[in-house]
Amino acid sequence: MIKAVISGTGLYTPPAIIENDELVEAFNQYVELYNNEHAEEIARGELAELQPSSSAFIEKASGIKRRHVIDREGILDPRRMAPYIPERSNDEPSVQCDMAVDACKEALAQAGKSAADVDAVIVACSNLQRAYPAVSIEVQEALGIEGFAYDMNVACSSATFGLQAAVNAVENGTARAVLVVSPEICSGHLNFRDRDSHFIFGDACTAILVEREQDTKPGQGFEILGTRLKTKFSNNIRNNFGFLNRADESGIGQPDKLFIQQGRKVFKEVSPLVAETIQSHLESLQLAPDNLTRMWLHQANLNMNQLISRKVLGRDATLEEAPVILDEYANTSSAGSIIAFHQHKDDLKAGDLGVICSFGAGYSIGSVVVRHR
């Protein structure tokens, strides 16, 4: 029987950083401009006056302190409030391809492997910059990998869903090794004019190499003990941007063509669902929450993660047990739990157990239980 192992991980972090104070300053300048421009309508009660944001509000609501982004100037321009990412010619590598290649090279180096050892590439992320050709095939070409590639999108759970697909390919013999890559340019779909969400996202790209246990060194990497996926339809997190937008001009520029969510409903509905998924997954593997050394949770909201880990463990988790990276990276969608895994796995010992868990729009939940070899 072939067993699948995570043998290497990689991370691309954009060099540009926006601190909460900088983001708030730009947002509040926009608020002032908007309120002045629409003063008469506001006075007549036709429009609501926009309210300023604050760093204290952001950190209390989310735990986020800063975020890495592809471009900061466009985001911090109160008259633009969106990243400036120039279009590239069709003969140039795409932005997501460049991010992916960087992360993949680190994952391969960590595993001690080369492109010749890989048979498949899965680009799994929330937002793909084009419909086709698949970004994954572009990444495959850039790395010089023979075999096959495809894109997939399950929002914030894309990486864990991609992990299960990689495990299936390795264990059924379709591929010797698979790269799962999540190039998330979340700043591109965030409405920086919305007080309730303008601070949520950052940009990053992760890569995971999944390969056959027999092709790894003794004690290298993490054995994948099992995966579990769950979906339940909800409109509480949504983005309606797509190719059909041009078919009805009335929708162009509407807020729902960017990220929108009903945060309180998401918190209330998703948190118990995630905890229940992790608990039942562990039980199916004849494991108990007390067996876990670490929980690498999706990095969307600190309060949410604390509640989930408390429900799973029956007590508050320490930062060592449930590490946090969203204070530095903000929400990077599907990359978040993998960034946590990438940065907080090297101190584990042989036999230590952990769970990588993502959750988000869909709703979608992915749980991957691993054991250090």
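The values are calculated or read from the model by the stated rules, or taken from the named source; none is laboratory data. No experiment lies behind these values; they were computed from the predicted model shown. Glycine also receives a Cβ, built like all others from the backbone with ideal geometry; neighbour counts cover every protein chain displayed. Only protein heavy atoms, including side chains, enter the accessible area calculation; ligands, DNA and RNA are left aside. Shrake-Rupley method; radii C 1.70, N 1.55, O 1.52, S 1.80 Å.
Tabulated results
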{"read-out": "Hey, I18 closer than 15 Å to L190 by Cβ, hydrophobic (A, V, I, L, M, F, W, C) and assigned to a loop (DSSP other than H, G, I, E, B) or not", "value": "no"}
{"read-out": "Residues (surrounded by fewer than 19 Cβ atoms within 10 Å (Cβ to Cβ) and not in a helix (DSSP H, G or I)) located in the range 35-65", "value": "H38, R44, G45, E46, L47, A48, E49, Q51, P52, S54, K65"}
{"read-out": "Options R315, R310, R373; residue that is open to solvent by 10 Å² or more (accessible area, probe 1.4 Å) and touching a Gly at 6+ places or on another chain (Cβ under 6 Å)", "value": "R373"}
{"read-out": "Test: S197 is within 30 Å of L23 (Cβ to Cβ) and more than 13 Å from the chain's Cα centre (by Cα)", "value": "yes"}
{"read-out": "Residue pairs meeting the criteria (Cβ under 8 Å; at least 6 apart or on separate chains; first assigned to a helix (DSSP H, G or I), in the range 157-169; second surrounded by fewer than 24 Cβ atoms within 10 Å (Cβ to Cβ) and charged (D, E, K, R))", "value": "A169/D119"}
{"read-out": "Residue ID - least open to solvent (accessible area, probe 1.4 Å), chosen from residues in the range 224-274 that are assigned to a strand (DSSP E or B) and within 22 Å of N191 (Cβ to Cβ)", "value": "I237"}
{"read-out": "Candidate set from the range 71-95 (those that are hydrophobic (A, V, I, L, M, F, W, C) and part of a loop (DSSP other than H, G, I, E, B)); member that is most open to solvent (accessible area, probe 1.4 Å)", "value": "I85"}
{"read-out": "Candidate set: the range 72-119, residues that are touching a Lys or Arg at 6+ places or on another chain (Cβ under 7 Å) and without any contact (Cβ under 8 Å) to a residue 60 or more places away in the chain; chosen: the one farthest from I208 (Cα to Cα)", "value": "G74"}
{"read-out": "Subset of the range 149-208 (residues that are surrounded by 24 or more Cβ atoms within 10 Å (Cβ to Cβ), among the acidic types (D, E) and either modelled with pLDDT under 95 or farther than 22 Å from L11 by Cα (or both))", "value": "none"}
